[in-house]
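Here's the structure, in structure tokens; my notes come after.
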Amino acid sequence: MASAEQPLPYAPRTSSISAFVEAPPSDSHRRSSSSVPTSKFAADMSQPPPRPARSPLPHGFNPADMDRLSDPNVKDKIVSTGTNPSSQHSSLSVPLPKVRHDPSLRRARKPRSQYPRSSTESHVEYILVASFDIDRGPIMEHQYPVAITGDEHMLAELMLPDQAHVRNQDWTVFFLHKDSSQEEDDAERQAKESRRARRRRRRDRAKGILHESDDEDDGGEEDLDDDDDDWDDDVSTDEEPEGGEGPPLVYVLNLVNTKQDKTVKRGAVVKAMAICTRHPFLHIYKPLLLLALEEYFKSPVPETLSMLFNAVNEMDLSLMPKLSLLERHLLQASDNKDLFVEKFERMIQARISEETAEDVADQPFDASRSPPKRPGIFRSGTKSYIETHTGAYAVPRDTHEFESKVMYKGIPIPIKVPVAVMPETVGDFSLIKLIQNFSDSHAKSPQTFALHPHLTTNGPTTHPIIVLANALLTQKRVIFLGHNMPSGEVAEAVLAACALVSGGLLRGFTRHAFPYTDLTKIDDLLNVPGFIAGVTNPTFEHHPEWWDLLCDIPSGKMKISSKIESAPITEGLVYFQQQNPAYANFINGASAGSGSAAAAGQQTGDLTGDAAFMADILRCIANRSGERVVRAKWREWVLKFTRIAAAFEETVFGASALYIGSDGDGDGGGGGGDGNLGQAAMGHGYVWADEATKAKELAGNVTRIEGWRNTRSYYSFIQDVAQSYTVRPLKGLDLAHMHDRLRTQKLTPQQSKEIFEALYNYVWSYDEICLLLSVAPESHAGLFYIALGLFHKDRDVRVKTAELLDRIAEHEAGQHWWRSLSRFEKLAYVRIKKEVEQEGRGGREGGVVSPVDSKRVSSGRRVI
């Protein structure tokens, strides 16, 4: 990526395919590794409106507004199992995308910064200092640069948790629901409208349509960072999508220190300092808070806060690229430290070009002067970077984290900012720690729960972590109790639980989470439906009417409240039992209290697959697979749940608001040609091996799904699906369905041919390849099932699969998926490319060009 004048000091990456073909295959193809409001709770914390009868759509939800009504003319649609036809209204249909063969579409977009230098947004908005007065209790000493509106006494109580004086140091996290001003809302709305207008004008100019305002706007429009096809433009990295529950939260990281001093009452001085930010990665400020609070003990004046405020807001994150939603999913699910490193390189190259141009413009013209030497680009942590550290730009050693620094009192404090931040992920927590805490106790002494349809989906011996996930999904009141524990550890468990059940897909948990609270706020807490709270006072355990599920952290035990509201008999449950009478006992077996039903349920085994899933999670933890692998597996669990819920709604109601797409409009004859889809590629939704397996798994999940269908996260997910659909590539195809059929079902040669040809015909652009990679993650065999097309009995399928792998290998992320292919599949790829080359050479010598070779040449493919 470096210029010719200044090559990169670290080894450049060559084309994956050419490197493999030009040299004999070796074993070096291994995978790359290397919320508490200040004065009152937000008014929007109320229950969603009731669900209308016999409809999977939320109250007031109008599909016609999004132009996604079912098409009554679509015929022969395929159900989720891919075995039998389903109702013509089984999905919300859209037209199939057109086939494109333009290799220029595979170019990555111009990188943009997550936090441009021109941005006026501050990293930290407020700095607070509180202390404990023996006579007045918790008091607020300073608020910088201005005071936060709200109850100062409540803020001070949150900053000084219970029993803080018995520890030298403690951390807490809490959230503030601070409404933005009318001026801020107007400015943000005008900025978005301006960006959209510029994109419309650029698209119109590309079509030859001119506007009167083009002349006056042309001057600076070409230099803007906005991209026509940036499908992440309206889905911000940090903020919630439009149509969310309100303005972004203010995240507060608080540090409490106790200094022993015999000259004061009680013999100690307790002070707390907090940083308030809109960024969810608030944990990066921990080193700075430690230094700043120590400095405040020495010099308790506002200038100390000013110094910290200016230092953190001068942190430069302008070289951190902004990733689309698909790119963030790929980065989070991968352990590859080089993934999307090209984006960092291009950001640096653009910065060097800007600085070089500025230097030349500031100097008088001199023809005899040689051009200035361009600064070098190095890989952080390498020997070359260490030797030439001064003035050199560095690419992060791990692209999952952007490396920056904060100059505090002349000392450079290294900071690592996560590049890919997903919704409901706040702070630094460990899913592994949360899972082990409750799994170890369960393994030593298996816990038996009181049966509840929403919580004990695997009967009384349901794994505690699954009970927790079910409670959060079905919007139960959950409390984490940590008696005699630091409040920071309790807050960490709350944040981990929110991220666990969200999976980066579902929303509505952190906004109603209280990482730390106490008895003085119990009245406000009980006014919030479905809260997730962390407490240290054991009084909560003796009031089961305050909670539905209590998670005792020290003992690793969970308790379902004896006062929990019973689950209602819903229409979805009744309709499913009527449609599937053979599986009625399976549903009751997981939840009902009758002995015969429970016995029937125990005989059916693990209908939901949760027991096998938890065994896999614990196996990964025992093998030290790492936090990222565990988070990726939980994301897949949540994604599977949403897809099963969509299949349940289609089965019971005939349509689902959780899926927007099309089963295609192919000719039904196994086409694979331009604009046509074969029957095997026309399905959508989750894939089961057969109808019996589908019915059993739906029966195991029906109570959990029905409990989720009237919650905040369900309605938010519908909004997110509708919004992401408008910017999603390949709106008319379900690539996950196709890949799952290749992975789980035994297909005929004709069926697999239709799928491989659909992938070849429609996966072309940069975002489309990202979408394909997201449904084939490295943790699930990567491109293995797609590469099986190299061994298809039909030669045309083999050639097209090789061409598809060509496109993937040229992709920024796809090159790493290509490297993870097995040697066996790479050899098959080389054999096919050589056969095509020999056939093409023979045809040209005879004056005839084969159709396959002609298409390959016309699309600009390199002959191997």
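The values are calculated or read from the model by the stated rules, or taken from the named source; none is laboratory data. Note that the coordinates shown come from a computational prediction; the quantities given were computed from them, not determined experimentally. Note: ideal-geometry Cβ built from the backbone for every residue, glycine included; neighbour counts use all protein chains shown. Ligands, DNA and RNA are excluded from the accessible area calculation, which covers all protein heavy atoms including side chains. Shrake-Rupley method; radii C 1.70, N 1.55, O 1.52, S 1.80 Å.
General remarks:
- Distance between modelled label sites at residue 286 and residue 151, nm, 7 Å Cα→Cβ extension: 3.0
- When the listed pairs 337/633; 731/753; 559/633 are checked against a 24 Å cut-off, the alpha-carbon distance exceeds it for 559/633.
- Distance between segment 741-803 and segment 270-322 - C-alpha centres, whole angstrom: 49
- In order along segment 444-453, the Karplus-derived 3J(HN,Hα) couplings, from 6.51 cos²θ - 1.76 cosθ + 1.60 at θ = phi - 60°, round to 6, 9, x, 9, 10, 9, 5, 5, 8, x Hz, and Gly and Pro are given as x.
- Share of carbon and sulfur in the accessible heavy-atom surface of segment 253-293 [1.4 Å probe, %]: 59
- Counting Cα-Cα pairs of segment 724-837 in 5 Å increments starting at 0 gives whole-percent bin shares of 2, 12, 24, 25, 22, 10, 3, 1, 0.
- Amide H contacts of residue 126 (H built 1.01 Å from N, under 5 Å, at least 5 apart or other chain): 276
- Spatial offset of segment 530-586 relative to segment 431-463 amounts to 13 Å, using the alpha carbon center of each.
- Looking at segment 108-167, the GluC sites (Glu not before Pro) that sit in a DSSP loop and have at most 12 other Cβ atoms within 10 Å of their own Cβ are 121.
- Gain in span if fully extended, residue 545 to residue 205, counting 0.36 nm per residue against the direct Cα distance: 116.0 nm
- Label reach from residue 263 (point 7 Å along Cα→C-beta): in segment 277-305, amide nitrogens under 15 Å belong to 297-300.
- Radius 11 Å from Cβ of residue 161, net charge of other residues (Lys, Arg +1; Asp, Glu -1): -3
- Under 5 Å from the amide H of residue 450 lie the amide H atoms of 560, each residue being 5 or more positions distant or on a separate chain, with H modelled from the backbone and absent for Pro and chain starts.
- The apolar share of the surface of segment 413-496, taken as the fraction of accessible area on carbon and sulfur atoms (1.4 Å probe, ligands and nucleic acids excluded), comes to 53 percent.
- Our coupling estimate for segment 632-649, obtained by passing each phi through the Karplus curve with A = 6.51, B = -1.76, C = 1.60 and θ = phi - 60°, is 5, 5, 5, 5, 5, 5, 5, 4, 4, 4, 5, 6, 5, 4, 5, 5, 4, 5 Hz, Gly and Pro reported as x.
- Here the Kirkwood formula, the inverse mean of 1/r across different C-alpha pairs, assigns segment 392-521 a hydrodynamic radius of 17.3 Å.
- Surface composition of segment 679-824: carbon and sulfur make up 54 percent of the accessible area, probe 1.4 Å.
- A 1.4 Å probe run over segment 460-593, with the rest of the protein chains in place, finds 31 Å² accessible per residue.
- Note that segment 255-338 presents 37 Å² accessible area per residue, ligands and nucleic acids not counted, probe 1.4 Å.
- 18 Å Cα-Cα threshold exceeded, pairs from 322/343; 178/416; 800/834: 178/416
- With K and R counted +1 and D and E -1, the other residues having a Cβ less than 12 Å from that of residue 565 yield a net charge of +1.
- With the simple spin-label model, which puts each label point 7 Å out from Cα in the Cβ direction, the residue 616 to residue 450 separation comes to 3.4 nm.
- Between residue 307 and residue 351, the simple label model (points 7 Å from Cα in the Cβ direction) yields a spacing of 2.7 nm.
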